[in-house]
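Colleague: The following block contains the structure, expressed as structure tokens.
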């Protein structure tokens, strides 16, 4: 019974560690995907002069989960008549649980909402470009750290489990 | 002789009184409901306050309204063919002092909704002072123009919107079409002129549909019509699908400047008749002269209240002097929008 309990604790902690490691690994992937989505949106705005609901639809089609759902919700909200900036912020609130991004990532992404759709295409391009540059920086940093941290967390989980077991025994 | 067409003329068959009576009661039942639905549909372009006002309108039937005027700090106003009506918060008609006064947020919100939160997409239209809503309704916009090297860059601090409700009234064109046909049953080069709000676009749309479908009764076979719809008003295109029926043989080039669009159309779609709205720019005239040499018949409109006034507008005068157009249709609002003042044969100067 004791052994079973010990195994359960170690396995539980280990799984949590692996889960955190997975989340850390997914962050740069999601940031890259987000960057690609913003670049697409930029192209639609600058070259296609596509209205936002339609542009979000195009981006939705060309991205994977969870950004697909993110842009899907944005499109729906705009079609319902919400303004673009409120829709962007509300969608972040509603969708951030499905992402592995950190608070600081969301702060940068939230900047897109400022003046979204409210000015000419040059201005829109400048704003989106700025956000893309900041996101790219974050992605690079996340890329360097994520591997190390993910490895650490995957070990740390099991080690914590073992430590817990030792203390309890 | 002035000809006057209204819907009632087209619709009133007095042969079978019982049927007409039945139709009328049906219209009475469905009328108010339908009007409320149409009002609600129009209200979606505005923010919360104006939306609820328009949604509550019961006294003014939608089909009577021509314009909704939203001016900053001024009472909310709707225009029918002969009256200006001011609306209060409950959607009732009232005096200007008691009416709902438009706030800045109302205009910002309306602009946001009308452009689907995408001002950049309507950039080119805004430079010219208008927006086209899906459905073909046009919104006039005034504000502060921002200039860069003498060219209008954009419009800021929007101060007034004028939502002009587009109508698709079929049947009017049929009355004047025989006068526009030449000897071999070919449509003559025609220009429709009128002051604003007299129904030029509505009549042009109807003529396009008739020419495109053909009218066997008049010996007119259907012809390929190329429409250069610079302002997106004629066809009311929405993602490639026209809102208005322009006929079976009509190709629409949406949002393209007329000057470029005309030659594109000739090269690519081989139209027999080319239709466009609001001729007036020097570039348009130049392109038109070029297109004329390709054997295409022209159908167009322009702003001018009489033939004399048209002759005094430099760009139109040039066209008229060159004898480009064979027929001129003068419209006015004497008996409501769409009153036809006269159809002139410009070659002989006769009134037909």
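The values are calculated or read from the model by the stated rules, or taken from the named source; none is laboratory data. No experiment lies behind these values; they were computed from the predicted model shown. Cβ: placed from backbone, ideal geometry, glycine included. Neighbour counts: every protein chain shown.
Colleague: For segment B:97-140, give me each residue that is more than 12 Å from chain A (Cβ to nearest Cβ) and part of a helix (DSSP H, G or I).
Modeller: Result: B:104, B:106, B:107.
Colleague: In addition: Residue A:76 passes all but one of (1) more than 14 Å from the chain's Cα centre (by Cα); (2) under 17 Å from residue A:113 (Cα atoms); (3) surrounded by 20 or more Cβ atoms within 10 Å (Cβ to Cβ); which number fails?
Modeller: (3)
Colleague: Ok, one more. Are any of the residues in segment A:82-97 away from every other protein chain (no Cβ under 14 Å) and closer than 28 Å to residue B:133 by Cβ?
Modeller: no
Colleague: Looking at B:234, B:207, B:246, B:220, which is the one that is touching a helix residue (DSSP H, G or I) at 6+ places or on another chain (Cβ under 9 Å) and more than 17 Å from residue B:301 (Cα to Cα)?
Modeller: After ruling out the rest, the residue left standing is B:220.
Colleague: Quick one: count up the residues across segment B:175-198 that are at pLDDT 85 or above and closer than 15 Å to residue B:342 by Cα.
Modeller: The total comes to 12.
Colleague: Output yes when any residue across segment A:99-115 is outside any helix (DSSP H, G or I), within 11 Å of chain B (Cβ to nearest Cβ) and modelled with pLDDT under 90, and no when none is.
Modeller: Yes, there is a match, as at least one residue in segment A:99-115 is outside any helix (DSSP H, G or I), within 11 Å of chain B (Cβ to nearest Cβ) and modelled with pLDDT under 90.
Colleague: A further question follows. From the residues in segment A:50-73 that are more than 10 Å from every other protein chain (Cβ to nearest Cβ) and farther than 19 Å from residue A:132 by Cα, which one is nearest to the chain's Cα centre (by Cα)?
Modeller: Selected residue: A:65.
Colleague: Mind checking which residues of segment A:27-49 are under 18 Å from residue A:73 (Cβ atoms) and within 11 Å of chain B (Cβ to nearest Cβ)?
Modeller: Within segment A:27-49, just A:44 meets the criteria.
Colleague: All but one of (1) surrounded by fewer than 15 Cβ atoms within 10 Å (Cβ to Cβ); (2) part of a helix (DSSP H, G or I); (3) at pLDDT below 90 hold for residue A:61, so report the exception by its number.
Modeller: (3)
Colleague: I would also like to ask the following. Tell me whether segment B:129-149 contains one or more residues that are over 22 Å from residue B:48 (Cβ atoms), at pLDDT 85 or above and touching a helix residue (DSSP H, G or I) at 6+ places or on another chain (Cβ under 8 Å).
Modeller: No, segment B:129-149 has no match at all.
Colleague: For residue B:187, only one of the following conditions fails: (1) at negative phi; (2) touching a residue at least 40 places away in the same chain (Cβ under 8 Å); (3) surrounded by fewer than 17 Cβ atoms within 10 Å (Cβ to Cβ). What is its number?
Modeller: (3)
Colleague: Are there helices (runs of 4 or more DSSP H) fully within segment B:1-65 with at least 1 residues that are modelled with pLDDT of 85 or more and surrounded by fewer than 11 Cβ atoms within 10 Å (Cβ to Cβ)? List them.
Modeller: B:48-56
Colleague: Inside segment A:117-162, can you point out the residues that are modelled with pLDDT of 90 or more and either within 14 Å of chain B (Cβ to nearest Cβ) or assigned to a loop (DSSP other than H, G, I, E, B) (or both)?
Modeller: Passing the criteria: A:124, A:125, A:126, A:127, A:128.
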